[in-house]
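To start, the structure itself, in structure tokens.
Laboratory data are not the source of any read-out in this text; all were calculated from the coordinates shown. Values in this document were obtained by computation on a predicted structure and should not be read as measured data. Backbone-built Cβ (ideal geometry, glycine too); neighbour counts: all protein chains shown.
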Amino acid sequence: MSADEKKKLGALMGMRFFSSHWRTPLLASKGRDVWRVRNWECLDHGCRDHDEFTWGYMGSGCYRTAYSILREAMGKEFAERKAGELEEELLSKLDKDGPLAVGGEEICDIVGA
């Protein structure tokens, strides 16, 4: 892991990601700052950005959510390497009828930080 990635992981520890229910915007927060997470997987592949994030199963929508969380916090290369792990180990196991609420510490534990 590069020094830059280690620095970003430190910042990720203080972040939270949340969404009220399926197919709604994904938000990120750090301290008092809150922002909408872009659908980076779509944008990086030439598609339009949209707010339909999903979880609770193994599939492309759940992968997009994992990729977007990691891309937002860590950058494109890290997201490309680790999104599948985050999808499989965490996001696919969440209740799709419930909200999404994931802390940076939990994400770091999964992606090997």
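Summary of computed values
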item	result
The stretch 7-63 - Rg and Dmax from Cα coordinates, angstrom	12.5, 33
Cubic angstrom per residue, convex hull over Cα atoms of the stretch 31-113	98
Amide H contacts of Thr24 (H built 1.01 Å from N, under 5 Å, at least 5 apart or other chain)	Phe53
Lys pairs, the chain - Cα-Cα below 22 angstrom, 8 or more residues apart or on other chains	13
Cβ-isolated cysteines (cut-off 4.7 Å), the chain	Cys62, Cys108
Contact order relative to length of the stretch 3-110, as percent, for alpha carbon pairs under 8 angstrom and 6 or more apart	33
By average C-beta atoms within 10 angstrom, highest first, the peptides 54-65, 73-84	54-65, 73-84
Estimated inter-spin distance, Asp97 and Lys6, nm [label 7 Å along Cα→Cβ]	4.6
